[in-house]
Amino acid sequence: MKLLQGIKSNVIILGIVSFFTDVSSEMIFPILPIFLTAFLGAGKEAIGLIEGVADSISSLLDIFVGYWSDSSGRRKKFVIIGYSLSSVSKAGIALASSWPFMLVFRGLERVGKSVRTSPRDAIIAASSDQKNRGMAFGLHRAMDTLGAIVGPALAYVILAALGSSESAYKTVFYAAIIPAFIAVGIIWLFVREPKARIEHKREEKRIGFWRKLELLPKNYRSFLAISCLFSLAYFSFALLIVRASEIGIAAQDILLLYILYNMVYAAVSVPIGRLSDLLGRKPIIAASFVVYALICVGFAYAGDFWQVALLFAIYGVFVSTDESVNKAYVSDITKEKSRGMALGAYNSAVGAAYLPASVLFGALWAAFGAVPAFGAAAAIAGISGVAMALWAK
């Protein structure tokens, strides 16, 4: 296809890997908050803690893994280890009998994500050119998100057939283990190390960790600071599911809303990535921060099913932008020999804000209600959008 010219097979293969991984993950995580509250006795504060810890851990190691993958000249092994760890951890999630155990296995699953993400994204960046890098990341996110459509659909079928009992939820969790290990097998067999990685190997080993961090460009550091500010408003998606449930939407209908969100996400990922190739990354990212602020205002006051459905759809547009254009932007302004560390530092920095963002948001919601919590998040996101428009280079 002419649209995909310049994008190598690694992007497609890693997209397939992410498809199967997301089939697995999204069978579990959309219904996990409901399982936690209905069967394990977890409150909003506990869910905020679990998801905040999970989101933070998912990026905690990224900066170090990115550096190690730069230095080793071999990114594939990190990708294999990361996906394997996440797959094994999902078995633990299925076996967990209390929310503290769920916290442990959910966190361990996210450690696997942290290990794989930066090396995988660096492989994608090396397997595309700057003129189509936004589309490459968008294509990967689209294939990833197709799995996030199939996964909840499978979970919906199982729950519809077996009911909403604890054993039915456990059946979903066990079934989700299968596609996770299929993804690992695909990596072993088909992903290839980009040649550029091998050529830089010797040079990169001479540069120490802190020195390489210092050498990252100034415009990268400016973008990182703005992204960290925005991340203080970027609480866990699980709390949006809790909000939908609080409004009165049934668990099975929430799965349908989640499928809608992922359908929109998948549909717009390539067009938004391509739009950033044509118009530039900066205006797209700034606009996405403002859109997120409007989403928060919407969730603060939504009361009907159609309103929540619309918000989930718009949220899909935002996340598609955040997951593809931002990474393409980082890849554009850094060199291949330090790109793993740059992507890792970005993931680690914004991830460090996820825990306080989710925990504080959950506590604010529990103490004062939804409107003040969502309003505070909207204010921070709006300020971040203005900062991105005015100060990012």
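What follows draws every value from the coordinates through simple rules; no lab data is involved. What you see is a predicted model, and the numbers here were worked out from it, not measured in a lab. Quick reminder, even Gly has a Cβ in these numbers, built from the backbone with ideal geometry, and neighbours come from all protein chains shown.
Details
- The angle between the Cα long axis of helix 251-279 and the main principal axis of the chain comes to about 20°, on a 0 to 90 degree scale.
- Charge sum, other residues only, whose C-beta stays under 12 Å from TYR83's C-beta, Lys/Arg counted +1 and Asp/Glu -1: +4
- Dipole of region 66-187 [Lys/Arg +1, Asp/Glu -1 at C-beta], most positive-end residue of TRP68, VAL111, ILE80: TRP68
- Whole-Hz ³J(HN,Hα) from phi, Karplus 6.51 cos²θ - 1.76 cosθ + 1.60, for region 82-89, glycine and proline x: x, 5, 5, 4, 4, 5, 5, 5
- Against the chain, whose longest principal axis comes from its Cα atoms, helix 218-231 is set at around 0 degrees.
- Dipole in debye (nearest 20) - the chain, about Cα centre, beta carbon charges: Lys, Arg +1; Asp, Glu -1: 1780 debye
- Chain lengthening between ALA367 and ILE247 when straightened (0.36 nm per residue, less Cα-Cα): 41.5 nm
- Sequentially through region 30-35, phi angles give Karplus couplings (6.51, -1.76, 1.60; θ = phi - 60°) of x, 9, 4, x, 5, 4 Hz, Gly and Pro residues having no value and appearing as x.
- Most positive-pole-ward Cα, GLY92, VAL330, ALA377, against dipole of the chain from beta carbon charges: VAL330
- Förster-model FRET efficiency, 35 Å R0, PHE305 and SER9, C-beta, rounded to 0.05: 0.25
- Charge tally around ILE249: other residues with Cβ under 14 Å, Lys/Arg +1 each, Asp/Glu -1 each, net -2.
- Summing charges over all other residues whose Cβ lies under 9 Å from the Cβ of GLN130, with Lys and Arg as +1 and Asp and Glu as -1, gives -1.
- Structure remark: mean-square fluctuation, Gaussian network model of the chain, C-alpha springs under 10 Å; the largest value among LEU60, LEU260, LEU215 belongs to LEU215.
- Max mean-square fluctuation residue, GNM over the chain, Cα-Cα springs under 10 Å, options ARG133, ARG339, ARG74: ARG74
- Taking the longest Cα principal axis of the chain as reference, the axis of helix 336-368 is set at about 20 degrees.
- Normalised contact order of the chain, rounded percent, pairs of Cα under 8 Å and 6 or more residues apart: 32 percent
- Integer Hz, Karplus 6.51/-1.76/1.60 couplings in order for region 237-243, x for Gly and Pro: 4, 4, 6, 5, 5, 4, 4
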